[in-house]
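The structure appears below as structure tokens.
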Amino acid sequence: EKYGVHPRQFIDYQALIGDTADNVPGVKGIGKVTAQKLLAQFVTLDAMYERLEEVTPPRIKGLLETYRDDAFRSRELVSLRDDVFETLDFSEFAMHFDNPFLPIYDELVHYEMNAVLRTLKAKALFEESQHSTVTTKVEKVAVPQCENIDGCSVLIDNDETLHTIIQAIPHDAIVAFDTETTGLDPTKDHLVGFSFSTDTKTGYYVPMMHSYLGVGDQVSHEAAKRAILNLFTRKVIGHNIKFDLHFVTRFLEVDRLSIHADTMVMAWLTDSARSLSMDNLSQSLLNHEMIHFKDTVKKGENFASVAIEDACKYAGEDAYITYRLYEVLREQLLLKGGQGSLDEAFNVEFPFTMTLLGMEREGIAVDTAVLETFKKEVALEIATLTEQIHSACGTVFNLNSPKQLGVILFETLGLAHGKKTKTGYSTDEQVLDSLKDQHPVIPMLLQYREYHKLYSTYIEPLITLAHNDPSSRIYTSFVQTGTATGRLSSKNPNLQNIPVKTALGMRIREAFVAPAGKKLIGIDYSQIELRLLAHFSEDTVLVNAFNEGHDIHMQTAIALFGEAEAASKRNIAKTVNFGLLYGMGQKKLSDTLGITTKEAKEIIERYFETFPSVKGYFSGIVEQAKEMGYVETLLHRRRYFDFGSATPMLKAAYERESVNTVFQGSASDLIKLSMNKIDTMIRTEALRARMLLQIHDELIFEVDEDTAETYAVRFVEVMESILELRVPLKTSMHIGNHWGELK
């Protein structure tokens, strides 16, 4: 697996590539890849030289001919002697004792040669009764005391010491935990070791699966499993612990483990704008520069190749720094937000981490045949559009090069352009949108970009990911700390941004399917942010409209344009309703609706006249953000703003974002509460249901076909009753065979 040859071929492999460290010449000019190919073709060195005429290319054949003697000499040099005991007499060195190991037992214990002691006991060469100190010596392992102010990393490389140290940890102790793995994909990579700490000074590293020539003692898999399970009966904390749990739960073959806290989530709660990497937090909060991963793991290798002693320093530090960060961040949460912030972290966010872990493990099924068909259609459209654009521009160029496109549009075609920079003209979507009516090629370019994005960002990656899984399921990673408002983001692949308003985007959603005998349930909160606006602002008109079950957009249209025009202008009212929540001003509204800024201003003024409490509430949010330096969501999660050192442009952005955060953040709070409750329901009642995705205000489940209706009703009930507001929470629910049917 590591060298690309069978173990039986390893001697011939070394004979070909040589070993400069041991002065083994090998065949000059032949490296690892060539050696692998040759042995794959000829199997042995002897067969290779017997069939030398078959070797290609001629250069390699020539090298083998020239360095034939070196090849066979090298094979002799790297071969171990297998006749030592047949040809040599060791009798003169023999020692005769009833039990030859008794005289050196104390030395074995003193120098902690536990691997030797284990071997002796395993081979029955030593009985515990023969030496009274065996049990006490092993059980009473001296736990090192760290006197170094920067912290200490301690290696645990045998089962007995690991057991003894973990047994000594009090059951109510906080334990910082971290894993080291061969990579980032828990479905393909595996654990190499784990570290833990019970204080701010000492980190213990437990190697399990390091693999390199001369690797030292490591703990057994069985002992490691017992130890991890034991640790997780304590209050385990970690930094981005969801990542570690993916590997650990697979290693232990369990679905779930309990956690106490996640320091990355805590750091995000105290300041959503900061860098959340442990290295940066350690530097900024502890003034401690950590050992860097890139300095520990050589390029092209993984953690299994790292020397255990170096791995111990790196991994042990991760554990005790996590413990330090926990103490500092817990204090920060308490000082900044009081008990409410701590409660939100422990009662909502940390359980939510576990909910997301379960969803990520489930994945969602994809019908690759649907995507393959769509891929052909999109590829044809891209080719057609490319030809049409080149024809309209009168020249062939790279459509995906902004620099080349800028020259064509603004120099060759002479269209109006913004300021030219060192890298060329801007050709982003906003620029192209403003030129839509200037030249027939612009709409074609916008359409090309939509097709190209679908093809490269979604269709091809989704097909590849589905083919890599035996059940054709894809597994996204949800990022709990990815946005300042609290909304989830997702990556590898990003399922949050699949276009929903276009027919093409809906086609991609049709490929996400329920397997045979299953159904998908989609439940979407209806107008959740507007309902929150009514709740927070207590505006009588808004509150009454929702409580009486009116169409809020129609009510707004009637108020803004009168009964006669309301039906035709409902979409304008909808744009205004949601736009003002996101800080939309008159300029943005005029651009969005294609009206003058004067008309947009009049619409906004009429809106605030219709809902008189709303304008005052919006102003109050901004004033609080300026005065207190933060805004709060429904569950008292805070987002901080530094108005004092902001530029005028940044202050305007902060004003918009402060309003946006209250509504988007509170909507996020509600759906998190619902997800946690439904997750608990599914687990405790052993429901035949899987919660798969959260896309903004929508939850998607996979359930058995015969229970779909029953479960859908129950999940809707949870979501609509999760918190009591001044207006009712409402959802829309759909059951279907694929995601496209859930709208």
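The values are calculated or read from the model by the stated rules, or taken from the named source; none is laboratory data. These figures come from a predicted structure and were not determined experimentally. FYI the Cβ positions are ideal-geometry reconstructions off the backbone, even for glycines, and counts take in every protein chain you see.
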Are any residues in the range 304-316 over 22 Å from the mean Cα position of the chain (by Cα) and touching a residue at least 40 places away in the same chain (Cβ under 8 Å), and if so, which ones?
305, 306, 307, 308, 309, 311, 312, 313, 316
One residue from 428, 343 being of a type in the set (D, E, K, R) and assigned by TED's automatic domain parsing to the domain that holds residue 261
343
Tell me, please, whether a residue that is over 28 Å from residue 578 (Cα atoms) and outside any helix (DSSP H, G or I) can be found in the range 670-686.
yes
What are the residues in the range 6-29 that are within 13 Å of residue 64 (Cβ to Cβ) and surrounded by fewer than 19 Cβ atoms within 10 Å (Cβ to Cβ), if any?
28, 29
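Test of understanding: among 319, 369, which residue is over 30 Å from residue 442 (Cα atoms) and in contact with a Gly (Cβ under 6 Å, 6 or more places away or on another chain)?
Values: 369 fails: in contact with a Gly (Cβ under 6 Å, 6 or more places away or on another chain).
Result: 319 is the single residue among 319, 369 that is over 30 Å from residue 442 (Cα atoms) and in contact with a Gly (Cβ under 6 Å, 6 or more places away or on another chain).
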How many residues are of a type in the set (A, V, I, L, M, F, W, C) and over 44 Å from the mean Cα position of the chain (by Cα) when one looks only at the range 598-617?
0
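Here's the yes/no breakdown for (1) buried (at least 23 other Cβ atoms within 10 Å of the Cβ); (2) closer than 28 Å to residue 352 by Cα; (3) of a type in the set (A, V, I, L, M):
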position	(1), (2), (3)
197	yes, yes, no
214	no, no, no
235	no, yes, no
278	no, yes, yes
293	no, no, no
Going by the conditions given, is residue 659 hydrophobic (A, V, I, L, M, F, W, C), at pLDDT below 95 and surrounded by 15 or more Cβ atoms within 10 Å (Cβ to Cβ)?
yes
Residues of the range 18-63 satisfying the condition of being under 21 Å from residue 1 (Cβ atoms) and not in a helix (DSSP H, G or I):
19, 31, 43, 44
Any residue at all in the range 728-740 that is of a type outside the set (D, E, K, R), free of Cβ contacts under 8 Å to residues at least 12 places away in the same chain and part of a helix (DSSP H, G or I)?
no
Of everything in the range 199-209, what is at pLDDT 95 or above and assigned to a loop (DSSP other than H, G, I, E, B)? Give them in sequence order.
208, 209
Residue count for the range 35-47, restricted to those that are under 19 Å from residue 73 (Cβ atoms) and surrounded by fewer than 16 Cβ atoms within 10 Å (Cβ to Cβ)
3
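Could you tell me whether residue 349 is acidic (Asp, Glu), touching a helix residue (DSSP H, G or I) at 6+ places or on another chain (Cβ under 7 Å), under 23 Å from residue 262 (Cα atoms) and assigned by TED's automatic domain parsing to the domain that holds residue 259? Walk me through it before giving the result.
Details: acidic (Asp, Glu): yes; touching a helix residue (DSSP H, G or I) at 6+ places or on another chain (Cβ under 7 Å): yes; under 23 Å from residue 262 (Cα atoms): yes; assigned by TED's automatic domain parsing to the domain that holds residue 259: yes.
When the stated conditions are applied, residue 349 passes them.
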One residue from 256, 330 being part of a loop (DSSP other than H, G, I, E, B), surrounded by fewer than 21 Cβ atoms within 10 Å (Cβ to Cβ), of a type in the set (Lys, Arg) and touching a residue at least 24 places away in the same chain (Cβ under 8 Å)
256
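Of a type outside the set (Asp, Glu), under 20 Å from residue 667 (Cβ atoms) and either under 40 Å from the mean Cα position of the chain (by Cα) or surrounded by fewer than 19 Cβ atoms within 10 Å (Cβ to Cβ) (or both): does that describe residue 533? Spell out how you get there, then give the answer.
Values: of a type outside the set (Asp, Glu): yes; under 20 Å from residue 667 (Cβ atoms): yes; either under 40 Å from the mean Cα position of the chain (by Cα) or surrounded by fewer than 19 Cβ atoms within 10 Å (Cβ to Cβ) (or both): yes.
Criteria met by residue 533.
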Considering each of 267, 304, 315 in turn, give the residue that is in a helix (DSSP H, G or I), among the small types (Gly, Ala, Ser) and touching a helix residue (DSSP H, G or I) at 6+ places or on another chain (Cβ under 8 Å).
267
Can you name the number of the only condition in (1) crowded, with 16+ Cβ neighbours inside 10 Å; (2) without any contact (Cβ under 8 Å) to a residue 60 or more places away in the chain that residue 653 fails?
(1)
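Look through the range 684-719, keep the residues that are of a type in the set (Ser, Thr, Tyr) and surrounded by fewer than 17 Cβ atoms within 10 Å (Cβ to Cβ), and return whichever of them is modelled with the lowest pLDDT.
Step one: filter the range 684-719 for residues of a type in the set (Ser, Thr, Tyr), giving 684, 707, 710-711.
With surrounded by fewer than 17 Cβ atoms within 10 Å (Cβ to Cβ) added as a condition, the list becomes 684, 707, 710.
Numbers: 684: 93, 707: 96, 710: 96.
Per the criteria, the residue is 684.
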Return the total of residues in the range 653-705 being at positive phi and not hydrophobic (A, V, I, L, M, F, W, C).
1
Within the set of pairs 6+ apart or on separate chains, which have a first residue in the range 56-80 that is farther than 10 Å from residue 16 by Cα, a second that is surrounded by fewer than 12 Cβ atoms within 10 Å (Cβ to Cβ) and at pLDDT 95 or above, and C-beta atoms under 7 Å apart?
none
When you scan the range 48-67, how many residues do you find that are exposed (fewer than 15 other Cβ atoms within 10 Å of the Cβ) and either among the β-branched types (Val, Ile, Thr) or at pLDDT 95 or above (or both)?
2
Name every residue in the range 484-529 that is farther than 28 Å from residue 468 by Cβ and more than 26 Å from the chain's Cα centre (by Cα), in order of residue number.
501, 503, 526, 527, 528, 529
Check 206, 236, 215 and return the single one that is β-branched (Val, Ile, Thr), touching a strand residue (DSSP E or B) at 6+ places or on another chain (Cβ under 9 Å) and over 30 Å from residue 267 (Cα atoms).
215
Residues that are of a type in the set (Gly, Ala, Ser) and assigned to a helix (DSSP H, G or I), drawn from the range 634-661:
644, 645, 652, 653, 658
Identify, from the list 543, 576, the residue that is on the phi < 0 side of the Ramachandran plot, crowded, with 17+ Cβ neighbours inside 10 Å and over 38 Å from the mean Cα position of the chain (by Cα).
543
Pair list, Cβ under 9 Å, 6 or more apart: the range 220-234 residue in the same structural domain as residue 198 (by TED's automatic domain parsing), other residue among the hydroxyl-bearing types (Ser, Thr, Tyr) and surrounded by fewer than 17 Cβ atoms within 10 Å (Cβ to Cβ):
232/258; 233/258
